[in-house]
Amino acid sequence: MKNILSFSIALMCSVVLFTSCLKDDDDNNNTNQGLTKEQIHNCYLQMAGEHSGKMLYMKKENSGAREADSIDITWTVVSDSVITIHSVPAEVLASTAESEPIKTAIIETMGKVDMKVYYLPYKTSPITFTAYPNPLQANIFYNNATHTVTFGFVINTYSWGSFENNKMRMQMVLDGIYLDTSTYSYLTTQAPLVIEER
């Protein structure tokens, strides 16, 4: 129950913070004007290095119900355009897959993966940025054969982050789970992934 409450609060805060940021931009007539290279680099210098906290996600139970959960996670702001999230467990990415055999194959054979996220600051106070998670690919063993699984992410206003008071938070939205070259997704409902610094 505590996890559900924490996750719900985190998602509500995400929406409120994002809406607030958009309103501030509109009020200041700064929407889509972008930052200079120097401003982007200064954002990077403030955020650079190692970070740690929680990743909040939804998992699908055998009953079909979805529950909130969280894991400890670390990430690194590598450059003025790249964030690497370290050792994301397969069960987090596959947690809401609609096919139990695919979900099991991912969890049992994929292990942990690093996520590469491109980011672009568009506001300096507080630092606010759009996030563009790179699609993840990994090999899994399913149905007596090796397959490539791809995790695709939404790239729009729902994927964003902020850095304020030396704490980062970022939201990404998993949009599809694909096998080999098929366009059929084993994920029928988008799944938010939220990281919050301790």
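The values are calculated or read from the model by the stated rules, or taken from the named source; none is laboratory data. Since this is a predicted model, take the numbers as computed values, not measurements. Reconstructed Cβ throughout: ideal geometry from the backbone, glycine too, with neighbour counts over all protein chains shown. Protein only, heavy atoms only, side chains kept; ligands, DNA and RNA dropped before computing areas. Shrake-Rupley method; radii C 1.70, N 1.55, O 1.52, S 1.80 Å.
If I ask for residues that are of a type outside the set (V, I, T), touching a helix residue (DSSP H, G or I) at 6+ places or on another chain (Cβ under 9 Å) and open to solvent by 20 Å² or more (accessible area, probe 1.4 Å), which ones from the range 103-122 would you list? Scanning the range 103-122 gives K103, E108, M110, G111, K112, L120, Y122. Within the range 145-159, does at least one residue satisfy the condition of being farther than 24 Å from Y44 by Cα, open to solvent by 50 Å² or more (accessible area, probe 1.4 Å) and at pLDDT 95 or above? Checked against the condition, which is being farther than 24 Å from Y44 by Cα, open to solvent by 50 Å² or more (accessible area, probe 1.4 Å) and at pLDDT 95 or above, the range 145-159 yields at least one hit. Residues in the range 169-194 that are in contact with a His (Cβ under 8 Å, 6 or more places away or on another chain) and within 19 Å of P133 (Cα to Cα): L179 alone.
Per the listing S14, S6, S52, S20, the residue uniquely at pLDDT 95 or above and of a type in the set (S, T, Y) is S52.
Scan the range 47-68 for residues that are surrounded by fewer than 16 Cβ atoms within 10 Å (Cβ to Cβ), within 20 Å of V117 (Cα to Cα) and not aliphatic (A, V, I, L, M) and the total you get is 3.
Matching residues to (1) closer than 18 Å to H41 by Cβ; (2) exposed (fewer than 14 other Cβ atoms within 10 Å of the Cβ); (3) in contact with a strand residue (DSSP E or B) (Cβ under 8 Å, 6 or more places away or on another chain):
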| position | (1), (2), (3) |
| --- | --- |
| S70 | no, no, yes |
| I83 | yes, no, yes |
| V88 | no, no, yes |
| P101 | no, yes, yes |
| Y132 | no, no, yes |
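Screening I73 with (1) farther than 21 Å from Y184 by Cβ; (2) touching a Phe, Trp or Tyr at 6+ places or on another chain (Cβ under 7 Å) gives one miss only, at (2). R169 meets each of the listed conditions (1) modelled with pLDDT of 95 or more; (2) closer than 26 Å to I106 by Cβ; (3) buried (at least 16 other Cβ atoms within 10 Å of the Cβ) apart from (2).
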